[in-house]
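Coordinate-derived values only; no laboratory data. Everything quoted here is computed from the prediction, not taken from an experiment. Cβ placement follows ideal geometry from the backbone for every residue including glycine, while neighbour counts extend to all protein chains displayed.
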Amino acid sequence: MLAYLGSIYKSGCLATFGAHIKQSQLGQITWALLCSGILLLSHFLAALERLSRKLHFYKTKMTDLKHHAEILKCKNEALVYNILPAHVAKDFIGVRRDDEERFKTITKIKTIGSTFMAASGISVIDSSKNVKNEDNTTRWQHLADLIEFILAMKDCLIRINEQSFNNFMLR
């Protein structure tokens, strides 16, 4: 744009700006546009710098939080191994990770006393899928997952009862 204004200024062609604009006013307009462009650019760069600093801060904070969570996880595992026999602790710690992926359609809602409340089939409906064309196996899979979850809880409770000499019951 500056080259365009400069070429108009050098050629003396002032018809595009009107015949009443003088040569000195054109120079003032050019400098005003140049200064306002520089000012806008500096504001944009300052905003970009602030955004970059925030992003760096959040990345650093997230890395610190992940490290802190990993330390707490190690401490918790050490505590479980300290309190329980090794074969029982291994059962508590090792199975949980596999079950998280296996029972990803089950959502824990609340635990009140000895009552465990969970839900299945809660998902966001994809508008691109046609629900009518979905086969019954896919449509009701969350119920099969819920039954598997209940049976896995029952098996886990039986193992806990055997290893801890208790008589917890699943109702």
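List of remarks:
- Summing charges over all other residues whose Cβ lies under 9 Å from the Cβ of MET117, with Lys and Arg as +1 and Asp and Glu as -1, gives +2.
- Averaged over residues, the count of other Cβ atoms within 10 Å places the peptides 37-48, 156-167, 138-149 in the sequence 138-149, 156-167, 37-48, highest first.
- Taking 0.36 nm per residue of separation and subtracting the Cα-Cα distance, full extension of the segment from LEU151 to LYS108 would add 13.9 nm.
- Inter-site label distance for ASN161 and LEU26 at 7 Å from Cα along Cβ, in nm: 9.8
- Computed over every Cα-Cα pair of segment 28-97 and binned at 5 Å starting from 0, the pair-distance distribution P(r) comes out as 3, 14, 10, 11, 8, 7, 8, 6, 6, 5, 5, 5, 4, 4, 3, 2, 1, 0 percent.
- Over 21 Å (Cα to Cα) - which of LYS110/LYS154; LYS75/LYS154; LYS90/LYS154 fall in this group: LYS75/LYS154
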